[in-house]
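Engineer: Have a look at the structure that comes next, please.
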Amino acid sequence: MTKNETVIDVKNITKKFKIYMDKGSQLKERLLFRKRNRYEEREVLKGISFQVKKGEAVGLIGHNGCGKSTTLKLLTKIMYPDSGEIIMKGRISSLIELGAGFHPDMSGRENIYTNASIFGLTKKEIDARLDEIIAFSELEEFIDNPVRTYSSGMYMRLAFSVAINVDADILLIDEILAVGDTNFQTKCFNRLRELKAKGMTIIIVTHDLATIEKFCDRCVWINNGLIVHEGRSDEVVDAYLNFMNQKKVESETAPPEENSEPVTEEPQPENNDITDNNEIDYSANRFGLKYVEIKKAEMLNSENKNVRIFRTGERLSLKIHYHVNKPLDEYVFGFGFYTPEGECLYGNNTQLDRIKVNTEKTDGVVSVIIGNLPLLAGKYVLNVAVVDSDGTPMDFYRNYCEFEVVSESRNMGYFSIEHEWRI
Amino acid sequence: MKTLKEIYDYRQMIFSLVKKDLRGRYKGSVLGFMWTFINPLLQLVVYTVVFSLILRTDIERYYLYLFVALIPWIFFSASLTGGSASIVAQKDLVKKIYFPRQVIPISYVTSSFVNMLLSFIVVFIVIIFSGEGINPLAVLCLPVIMIVEYMLALGTALIASAVTVYFRDLEHILGIVTMAWMYMTPIMYDKSIVPERLLPLFNLNPMTHIIGCYRDVLYYKTVPQLSGLLSSFILGTVFLVAGHFLFLKLQRHFAEEL
């Protein structure tokens, strides 16, 4: 086989599953409740075509239930497509189920024979690979002990070593690279790279996008049984992340009014009697003299919807609704972004920004607009507060609510910092 | 043809499944693998006691008469009932890994077959030690009879295992069917006592000829009428071919049905 030869050719495959409402597989049930054997047909794959060339590593991505695992099962011939055709050239090995057919009472060595035979190896072929398999698993001392005495890490190492030493032309991998400790994982990846360099074709299904980007030349993104995008891994992963973020934002947009309630549900003691700031309990989630009260705080996204999820770079406006019980000369409004662990990432108030707020109204709104939210992907906590000009808390809300930021950017840390590389 | 080659490529899997089954059968027992021999030997003792002291028959050495027929029958009925459940029993493998699915019923039938061969060792020991002697020429026919029975057993097991995936009751139905089938085959009695009008039915039964041949060789010490075996051979071939194609068709949806 020469390079550039197509070894996997998937031609417009479809697959339907019958989802039984109430499945009766016994004769009695079949005869008596014929009508009860209702089922829904769910079309998991609606016509997928792609090709893979020899020596390529291709990743399949998509959210749960999109059909990527079904595609892999069709490739392994565990299942067959309803229509369409799959042409594969060469010996196929799959890392879908590790340690298939392992017998706990048999020794590691015997299990290598059983397991490798399930991949279609003959005794001669296994004999030839035995030393390599044992060496790769790093289980030399334990290889003649029964497998039931192995730790789960050892078990997986043995299973992986067999599967990876089958010498297939095509290797199909499903979400199982989380094997053993980090060292062993690195070893597995190095081995996969070696095999790939030797011309092995690899297909990976995983949620771990970093793996896909690092390892795969190409990537196929499947959504609702159709290929959305196919191409260079980084491009497809970017497009996929973008789409997933959009979806997440949409599904969490427009939360009902309850969602805008503070996170802390316990009734706050009415501190109306407190007049002296010495009596303020600073350790509470909400504290202050309540001369001014925060009724609620809204976080609006660029579409002016009150949400708890934003994208990096999006416009965020924070609206603090307040009610005055006892007028003051000056009000100082503040907000802060915290990590869920309680570390302050950013905090500011009107006084620090040299803005004087004095109002005659008993009810009003103060807004602060962040044109370009610099927070990176993660979960954050919002604090809001109103104090007087001396800093005495009037209404100080810790953990007012949590919110989430999603981002396509893979920068690390909390903030995006503008930068430019020059080489 | 491609399928047959693939099954051949997976011969090591068949071999290791058979080995696992034979070794696992008496796993954990004190005598272990010895049970494979002790079990038929003790059965033989029971039959001898029962049929020479209590249920006396006109047939000479009835225990041997019965035993040389019962062992092949047990192989066939185990292949049919156990074979029918074999794929369902291995559903974890079938759902997760690709291999030619025929490997499972083939392994099951083969391990029952090996078990029968091991039981025959006991039979031969008994025959020789009891001074009955054997007819070497007749014994040479034994492999042919065994191959015909193996074909028949494998054909039916292929069909039963594939259909059971879709229709689980079959396993239990077959339990009754094999029981009735046993009484409809001259195992415990002689074919000569079968009423004339039922004879055509008995002649249709491929096991009638197979059991008859075993008995000819081991009990009557004569070279069997292989022509009687011909119809069994034809039927075995038909079952095997039909089973093969039916299995090929049905196995496409195994992973979804299990």
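The values are calculated or read from the model by the stated rules, or taken from the named source; none is laboratory data. Everything numeric in this text was worked out from a predicted model, so none of it was measured. Note: ideal-geometry Cβ built from the backbone for every residue, glycine included; neighbour counts use all protein chains shown. These area figures cover heavy atoms from the full protein model, side chains too; ligands, DNA and RNA do not enter into them. Shrake-Rupley method; radii C 1.70, N 1.55, O 1.52, S 1.80 Å.
Engineer: Can you put A:102, B:245 in order of accessible area, largest first, using a 1.4 Å probe?
Structural biologist: Largest to smallest exposure gives the sequence B:245, A:102.
Engineer: Another question about this same structure. Principal axis extents for the protein assembly as shown, Cα atoms only, whole Å, descending order, please.
Structural biologist: Projected onto the principal axes, the Cα atoms of the protein assembly as shown cover 123, 61, 52 Å.
Engineer: Could you order A:98, A:45 by accessible surface area, starting with the largest, using a probe radius of 1.4 Å?
Structural biologist: I get A:98, A:45, largest accessible area first.
Engineer: On alpha carbon coordinates alone, what is the Rg over Rh value for segment A:105-257, Rh being the Kirkwood radius?
Structural biologist: 1.10
Engineer: Shifting gears a bit: Might you report the magnitude of the Cβ-based charge dipole of segment A:56-249 about its Cα centre, with Lys and Arg at +1 and Asp and Glu at -1, to the nearest 20 debye?
Structural biologist: It comes to approximately 320 debye.
Engineer: Pairing the Cα long axis of helix B:206-218 with the longest principal axis of chain B, what angle in degrees results, from 0 to 90 and rounded to the nearest 10?
Structural biologist: 50 degrees
Engineer: Note the angle between two axes, namely the Cα long axis of helix A:108-118 and the longest principal axis of the Cα atoms of chain A, as a number of degrees from 0 to 90, rounded to the nearest 10.
Structural biologist: 80 degrees
Engineer: Right, next: Ignoring trypsin sites (Lys or Arg not before Pro) that are buried or in helix or strand per DSSP, and keeping those with at most 12 other beta carbon atoms within 10 Å, what is the longest stretch of chain B between them?
Structural biologist: The reported range is B:57-258.
Engineer: Pairs A:11/A:198; A:11/B:2; A:73/B:20; A:326/A:379; A:196/B:2; A:11/A:54: which are spaced more than 25 Å apart, C-alpha to C-alpha?
Structural biologist: Cα-Cα > 25 Å for A:11/A:198; A:73/B:20; A:326/A:379; A:196/B:2; rest within.
Engineer: Where the centre of each part is set by its Cα atoms, how far does segment B:88-140 sit from segment A:359-423, in angstrom?
Structural biologist: Cα centroid to Cα centroid, the span is 76 Å.
Engineer: Also, quick follow-up: Taking the full set of protein chains and a 1.4 angstrom probe, give the accessible area of residue B:183 in square angstrom, rounded to the nearest 10.
Structural biologist: 120 Å²
Engineer: If ligands, DNA and RNA are left out, what is the accessible area of residue A:132 with a 1.4 Å probe, given in Å² to the nearest 10?
Structural biologist: Around 90 Å² of this residue is reachable by solvent.
Engineer: With r defined as the distance between the Cβ atoms of residue B:59 and residue B:125 and R0 fixed at 30 Å, what FRET efficiency is calculated, to the nearest 0.05?
Structural biologist: Using R0 = 30 Å, I get an efficiency of 0.85.
Engineer: Work out from phi, with θ = phi - 60° and the Karplus expression 6.51 cos²θ - 1.76 cosθ + 1.60, the ³J(HN,Hα) of each residue of segment A:227-238, listed in order in whole Hz, and give x for Gly and Pro.
Structural biologist: 7, 8, 8, 9, x, 4, 3, 5, 5, 5, 4, 4
Engineer: Residue by residue through segment A:372-388, what is 3J(HN,Hα) from phi via Karplus (6.51 cos²θ - 1.76 cosθ + 1.60, θ = phi - 60°)? Round to whole Hz and write x for glycine and proline.
Structural biologist: Listing the rounded values in order: 9, 4, x, 5, 8, 4, x, 9, 9, 10, 9, 10, 10, 7, 10, 10, 8 Hz.
Engineer: Averaging sequence separations of C-alpha pairs under 8 Å and six or more residues apart, then dividing by the length of segment B:83-154, give the relative contact order as a whole percent.
Structural biologist: Relative contact order of segment B:83-154: 33 percent.
Engineer: When the helix-only estimate is applied to chain B (DSSP H runs of n ≥ 4, each -39,500 (n - 2.57), divided by the residue count), what is the mean residue ellipticity at 222 nm, nearest 500 deg cm²/dmol?
Structural biologist: -24000 deg cm²/dmol
Engineer: If you don't mind, there's one more thing I want to ask. So what J values fall out for segment B:224-241 if you push phi through Karplus, 6.51 cos²θ - 1.76 cosθ + 1.60 with θ = phi - 60°, rounded to Hz, Gly and Pro as x?
Structural biologist: So the Karplus estimates, Gly and Pro as x, are x, 6, 5, 5, x, 6, 4, 5, 5, 5, 4, 5, x, 5, 4, 4, 5, 5 Hz.
Engineer: What angle, in degrees between 0 and 90 and rounded to the nearest 10, separates the Cα long axis of helix A:152-164 from the longest principal axis of the Cα atoms of chain A?
Structural biologist: 50 degrees
Engineer: At 1.4 Å probe size, put B:63, A:400 in order of accessible surface, largest to smallest.
Structural biologist: B:63, A:400
Engineer: Hey, what does the equivalent ellipsoid look like for segment A:259-406, semi-axes from the Cα gyration tensor as sqrt of 5 times each eigenvalue, largest first, whole Å?
Structural biologist: 25, 17, 14
Engineer: Taking the Cα centre of the protein assembly as shown as the origin, how large is its charge dipole in debye, to the nearest 20, when only Lys and Arg (+1) and Asp and Glu (-1) carry charge on their Cβ atoms?
Structural biologist: Its charge dipole is roughly 3860 debye.
Engineer: Something else: Do you know the relative contact order of chain A, to the nearest whole percent, from alpha carbon pairs under 8 angstrom that are 6+ apart?
Structural biologist: Result for chain A is 13 percent.
Engineer: Let me ask something else. Can you divide the C-alpha Rg of segment A:339-408 by 2.2 N^0.38 Å and report the result to two decimal places?
Structural biologist: 1.29
Engineer: Gain in length, residue A:360 to residue A:19, computed as 0.36 nm per residue apart minus the alpha-carbon separation, to one decimal in nm?
Structural biologist: 116.3 nm
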